[in-house]
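The values are calculated or read from the model by the stated rules, or taken from the named source; none is laboratory data. Not measured: the values here are computed from a predicted model. Backbone-built Cβ (ideal geometry, glycine too); neighbour counts: all protein chains shown. Just so you know, the surface numbers come from the protein's heavy atoms only, side chains and all, with ligands and any DNA or RNA stripped out. Shrake-Rupley method; radii C 1.70, N 1.55, O 1.52, S 1.80 Å.
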Amino acid sequence: MNMRFTSILGLLLIHLVAFSQNTSTYFSNNVLRYEDKIYQANIKTLMLTPQEDELGFPALALNSTSALLLSFDDLNGQAEVYRYTFIHCDASWNPSPLNSNEYLEGFLEDEIREYEFSFNTTRSYTHYTVSFPNEYIKPKLSGNYIVLVYKEKPEEPSLTARFMVYDSRVEIAGLNAHRATMPDSYQTKQEVDFQLSTGKLYIGNPSREVKVVILQNERWDNAITNLQPRNISGDVLDYNYEDGNLFIAGNEFRRIDIKSLKYNSERIDSIRFRKDGYHVFVKPDMVNTFRDYITETDINGKQIIRTEDMQVSEIEADYVWVHFRLPFGFPLVNGNLYIQGAFTQRRFSPEAMMSYNMEKKTYEAVFLLKQGYYNYQYLFVETGKKPGDPSLMEGSHYETKNQYTVLVYVRMQGDMHDSLLGFAQIPEGTL
């Protein structure tokens, strides 16, 4: 226990020093990142959701009886010993200057004990699951966390995933999303307004001690993080802006259904079996930039793992090569085009980047996906910029049904960490 505890603390110290001295190493594939990320090619289908809601947000109330469920597949198909721990982070997803025993109750790490081997699949894999908090390990502070999964050493991560623990001491009132007020954004953007009521919680300097984060569809690349209260009246902080809280509305997510390999579902062009397994060719997508808005049901970029061909989806759903195609007359300059969704961890990684086929005048990408139902969008990321822009390929309509999440972090004078004291969501479709 002591050796592993020292190893975990050493990892955090080494990472902080390395990051401050050479940020270029931060972007190497094996360096620990405080975000949703898969570090090894054999790891697939990372999911972290509420145990009873596979489409839910990865957050739970402090000291509640609820749990989150982490699952993933190892395509090596063997029984491996995976371990996990939690790392507390600040509101900007940097590691907090706390020792592990200050924010964890029980052990400082644990082993993933639940695993099953795939059955009746063309590609062998081992399915791992763990739910937490559990009898072995439990967060005891609110705030941002990553769960770090590894084999031998925590400094050699297999995957990391974000989750949040909140302590509802700040009330989020009047939360609503609506079409933008400003005339130049009226047709294409959405505005998120709300108020905070701190009640009996004493906050001496709200502008400095309170940090608000607004998420659209669980994306962190375009999160609004720098909002200051517009007005402060007693214990009420007003965040009713006309420009500082705007999001590009985008469009409803595209979808593919690969729950069965016995027939072509609505958006599937063909299914072919080759030496390396099944290949599913999605019908060529259309550029939606100038198309009228059409109301469609989606799951806001998430994924549902299912197979209709077998009985137990977790271990009998097969892995297939899925081919995406987006015809476009010329390659884009000053940036890159990415597929964004839960199956790419909503990251703009090299694996999620589309390549341009000059001969076919088409953007293309191939992903190895487990059978299920997937949402995705095409986002353009301009060189040197962080947020992905959906409007270039998807268009942007104020009517789009997006889900918004508001997170309220507080670091009062004397605190060494950010506490998450407010959490609220606007259900999809309430715009």
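Quick notes
- Only listed residue being free of Cβ contacts under 8 Å to residues at least 24 places away in the same chain and either in contact with a Lys or Arg (Cβ under 9 Å, 6 or more places away or on another chain) or not in a helix (DSSP H, G or I) (or both), chosen from GLU116, GLU152: GLU152
- Among the conditions (1) in contact with a Ser or Thr (Cβ under 8 Å, 6 or more places away or on another chain); (2) not in a loop (DSSP other than H, G, I, E, B), TYR373 misses just one, which is (1).
- Residues of region 81-112 classified as in a loop (DSSP other than H, G, I, E, B) and either over 12 Å from HIS127 (Cα atoms) or in contact with an Asp or Glu (Cβ under 6 Å, 6 or more places away or on another chain) (or both), total: 13
So that you can scan it fast, the table gives a plain yes or no per residue for (1) open to solvent by less than 50 Å² (accessible area, probe 1.4 Å); (2) at pLDDT 95 or above; (3) within 18 Å of the chain's Cα centre (by Cα):
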{"residue": "THR289", "(1), (2), (3)": "yes, yes, no"}
{"residue": "THR295", "(1), (2), (3)": "no, no, no"}
{"residue": "ILE299", "(1), (2), (3)": "yes, yes, yes"}
{"residue": "ARG306", "(1), (2), (3)": "no, yes, no"}
{"residue": "TRP321", "(1), (2), (3)": "no, yes, no"}
{"residue": "GLN340", "(1), (2), (3)": "yes, yes, yes"}
{"residue": "THR344", "(1), (2), (3)": "yes, yes, yes"}
{"residue": "MET353", "(1), (2), (3)": "no, yes, yes"}
{"residue": "GLU359", "(1), (2), (3)": "no, yes, no"}
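- Any hit, region 263-271, residues being open to solvent by less than 70 Å² (accessible area, probe 1.4 Å), among the β-branched types (Val, Ile, Thr) and assigned to a loop (DSSP other than H, G, I, E, B): no
- Annotation: GLY106 fulfils all but one of (1) open to solvent by 40 Å² or more (accessible area, probe 1.4 Å); (2) over 20 Å from HIS417 (Cβ atoms); (3) small (Gly, Ala, Ser); the unmet one is (2).
- Index of the failed condition, ASN240 passing every other in (1) of a type outside the set (Gly, Ala, Ser); (2) part of a strand (DSSP E or B); (3) open to solvent by 20 Å² or more (accessible area, probe 1.4 Å): (2)
- Taken over region 319-340, residues that are in a loop (DSSP other than H, G, I, E, B) and either touching a Lys or Arg at 6+ places or on another chain (Cβ under 7 Å) or at negative phi (or both) amount to 6.
- The set of residues from region 139-158 being under 22 Å from the mean Cα position of the chain (by Cα), at pLDDT 95 or above and closer than 21 Å to TYR103 by Cα comprises PRO139, LEU141, SER142, GLY143, ASN144, TYR145, ILE146, VAL147, LEU148, VAL149, TYR150, PRO157.
- Residue tally, condition in a strand (DSSP E or B) and within 14 Å of TYR374 (Cα to Cα), over region 40-60: 3
- For beta carbons closer than 9 Å, sequence separation of 6+ or different chains, a first residue in region 325-338 that is open to solvent by 50 Å² or more (accessible area, probe 1.4 Å) and a second that is of a type in the set (Asp, Glu) and assigned to a strand (DSSP E or B), the qualifying pairs are ARG325/ASP269; ARG325/GLU364; ASN334/GLU382; ASN336/GLU382.
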